[in-house]
Amino acid sequence: MNTKTLQELFLSELADMYDAEKRIVKALPKMAKAATCTDLKGAIERHLQETLGHVTKLEQVFQCFDMGAKGKTCEATKGLLEEGDEIAADFKGSPAINAAIIAAAQKVEHYEMASYGCLHEWAGLLGNKKAASLLEKILDEEKAANEGLTKLAVAKSNPEALCESCDTENARQPDRGSVRTPLARRRGLRSMGVSPR
Ligand SMILES: [Fe+2]
Ligand SMILES: [Fe+2]
């Protein structure tokens, strides 16, 4: 029988996230540089500062279990960040670049949210209140970062991406009213046989 324990599972996932956060610290400045929206650059730079804090908090969580901090290659984050690099290169110069960067960043945030959700729950089950509290703080920051990115995407980056790429069929979003841009309007008028003014 496999005798591995919940604490071993917890420490293994903790090592995975320690490696993930260090990779994210290296990746976020590249994402901020690739973004062309000032608000998005700002959001990424603020999350970089939080992410540096996550590395420190994880070191404190290791201490809560009398362990030194140790990373274990997080293949998932490595892959998500590689995909992020790829999509940023593919959409460089496009009106969809900021929407692409937000999508890549949100994939990482969701991985972090899933991981910290489990780690927080397990720390509680293992009776380590201090570790649970540190992990909850990280989880809350990941959730807030993700929500901030959603707001930016909805308010700015997605409409910008649509601006130069939409056709008249999908230019209208029923829930939020028309987001037709002058370009989309011109195309719409032409398709109806009317010369745009
Ligand atoms: Fe993080
Ligand atoms: Fe994050």
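Can you tell me which residues in the range 1-23 are away from ligand 1 (no atom under 16 Å from the Cβ), open to solvent by 20 Å² or more (accessible area, probe 1.4 Å) and assigned to a helix (DSSP H, G or I)? Even if it seems obvious, please write down each step before you answer.
Of the range 1-23, the ones away from ligand 1 (no atom under 16 Å from the Cβ) are 1-12.
Cutting the leftovers down to open to solvent by 20 Å² or more (accessible area, probe 1.4 Å) gives us 1-9, 11-12.
Across the range 1-23, the qualifying residues are Leu6, Gln7, Glu8, Leu9, Leu11, Ser12.
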- Query: Of the residues that make up the range 109-132, is at least one at pLDDT below 95, open to solvent by 80 Å² or more (accessible area, probe 1.4 Å) and outside any loop (DSSP other than H, G, I, E, B)?
  - Reply: no
- Listed residues Lys70, Lys26; which is within 16 Å of ligand 1 (Cβ to nearest atom), among the basic types (Lys, Arg) and more than 20 Å from Glu136 (Cβ to Cβ)? Lys26
- Task: Being open to solvent by less than 20 Å² (accessible area, probe 1.4 Å) and within 16 Å of ligand 2 (Cβ to nearest atom) is the filter; apply it to the range 89-108 and report the residue that is farthest from Ala27 (Cα to Cα).
- Result: Ile102
- Message: Going by what's in this entry, would Ala69 be described as away from ligand 2 (no atom under 16 Å from the Cβ), more than 19 Å from Ala99 (Cβ to Cβ) and surrounded by 15 or more Cβ atoms within 10 Å (Cβ to Cβ)?
- Response: yes
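Out of Ala43, Ala76, I need the residue that is in contact with a Gly (Cβ under 7 Å, 6 or more places away or on another chain), closer than 19 Å to Met113 by Cα and within 16 Å of ligand 2 (Cβ to nearest atom). Which one? Working first, answer last.
On the way: Ala76 fails: in contact with a Gly (Cβ under 7 Å, 6 or more places away or on another chain).
Of Ala43, Ala76, the one residue that is in contact with a Gly (Cβ under 7 Å, 6 or more places away or on another chain), closer than 19 Å to Met113 by Cα and within 16 Å of ligand 2 (Cβ to nearest atom) is Ala43.
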- (1) within 13 Å of ligand 2 (Cβ to nearest atom); (2) open to solvent by 40 Å² or more (accessible area, probe 1.4 Å) all hold for Gly53 apart from (2)
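Checking the conditions here, which among Thr56, Thr77, Thr51 is without any contact (Cβ under 8 Å) to a residue 40 or more places away in the chain, over 14 Å from Leu135 (Cβ atoms) and within 13 Å of ligand 1 (Cβ to nearest atom)?
Values: Thr56 fails: over 14 Å from Leu135 (Cβ atoms); Thr77 fails: without any contact (Cβ under 8 Å) to a residue 40 or more places away in the chain.
Only one candidate qualifies: Thr51.
The values are calculated or read from the model by the stated rules, or taken from the named source; none is laboratory data. A quick note: this is a predicted structure, and the numbers were derived from the prediction, not measured. Virtual Cβ from ideal backbone geometry, glycine too; neighbours counted across all protein chains shown. Just the protein is used for accessible areas: all its heavy atoms, side chains included, with ligands, DNA and RNA removed. Shrake-Rupley method; radii C 1.70, N 1.55, O 1.52, S 1.80 Å.
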